[in-house]
Amino acid sequence: MGNRSSWRLLDPLEYETVWDQFREKFGFRADIRASGWPAIREPTPSITFDLSGIPEGPRFASAVAAINTEALRCFVWVMPDIAELLVLDWNHEAYWLKPELESLLPPEDPINGHPTVHPNGDYYSFLNPDMTEGTFGHPWEQSICVMGQRLIDSLGKSFALWLPVLRVNGVPVTQPMASE
């Protein structure tokens, strides 16, 4: 695990407290079966994007990099009042992340580094301290939920240019909204 000053590990009590708050607020339930999806009660406002159509190989690698980079850009540009984001990684360590400081550092290897917005094998959440804005990545559904109007108006619009929309405010969308 990288030793970056932009990431601060939650202590065990803080970890338990934030996970209790997350479960209470979103009704989180892990499930690898489609019948158990989505894994959270997606709030209003939110928009959930489908990652399942991204092909393997270079297109996948470039999509993952774009998702993570664009999310960091939006955290810095549209949420300048948020000094630290809560980063939850199901059944693993949790962190506080300083997006502005992270943006000044070279990219970290996502395999050996910290959680990423793209759900690379686990449930990842990047949330403001009151959990009203942020992202929730679902590794089995292969989706990312963008929450809060500021992020929908920035990150959501960027993702909608190339990723199909699964749900808006937790309600399934019948026609994909992304351009192909």
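The set of residues from the range 115-142 being surrounded by 21 or more Cβ atoms within 10 Å (Cβ to Cβ) and closer than 21 Å to S5 by Cβ comprises P115, T116, V117, Y124, F126, L127.
Under the condition of being polar (S, T, N, Q) and open to solvent by 30 Å² or more (accessible area, probe 1.4 Å), which residue from the range 6-28 is farthest from E93 (Cα to Cα)?
Let us first name the residues in the range 6-28 that are polar (S, T, N, Q), namely 6, 17, 21.
With open to solvent by 30 Å² or more (accessible area, probe 1.4 Å) added as a condition, the list becomes 17, 21.
Details: T17: 13, Q21: 16 Å.
Looking at the filtered set, the residue picked out is Q21.
Annotation note: Cβ proximity below 7 Å between a residue of the range 120-142 that is closer than 19 Å to Y15 by Cα and a residue that is open to solvent by 20 Å² or more (accessible area, probe 1.4 Å) and of a type in the set (A, V, I, L, M, F, W, C) (sequence gap 6+ or interchain) occurs for D122/W90; Y123/A30; Y123/W90; N128/I82. Taking the range 126-178 as the range and being touching a strand residue (DSSP E or B) at 6+ places or on another chain (Cβ under 6 Å), over 15 Å from C74 (Cβ atoms) and hydroxyl-bearing (S, T, Y) as the test, only S143 passes. Being of a type in the set (D, E) and modelled with pLDDT under 95 is not true of E70. Cβ-Cβ contacts under 6 Å between residues 6 or more apart (or on different chains), taken from a first residue in the range 91-105 that is in contact (Cβ under 8 Å) with a residue 24 or more places away in the chain to a second residue that is in a loop (DSSP other than H, G, I, E, B) and surrounded by 12 or more Cβ atoms within 10 Å (Cβ to Cβ), are listed as A94/L10; W96/E84; K98/S6; K98/E84; L101/S6; E102/S6. Of all residues in the range 65-96, those satisfying the criterion of being touching a Lys or Arg at 6+ places or on another chain (Cβ under 9 Å), farther than 24 Å from R29 by Cα and buried (at least 19 other Cβ atoms within 10 Å of the Cβ) are C74, M79.
Of the residues making up the range 29-51, not a single one is within 14 Å of the chain's Cα centre (by Cα), surrounded by 14 or more Cβ atoms within 10 Å (Cβ to Cβ) and either on the phi > 0 side of the Ramachandran plot or assigned to a helix (DSSP H, G or I) (or both).
The values are calculated or read from the model by the stated rules, or taken from the named source; none is laboratory data. For clarity, every value in this text was computed on a predicted model and none was experimentally measured. In this analysis, Cβ positions are derived from the backbone assuming ideal geometry, glycine residues included, and neighbour counts consider all displayed protein chains. All accessible areas refer to the heavy atoms of the entire protein, side chains included, with ligands and DNA or RNA removed. Shrake-Rupley method; radii C 1.70, N 1.55, O 1.52, S 1.80 Å.
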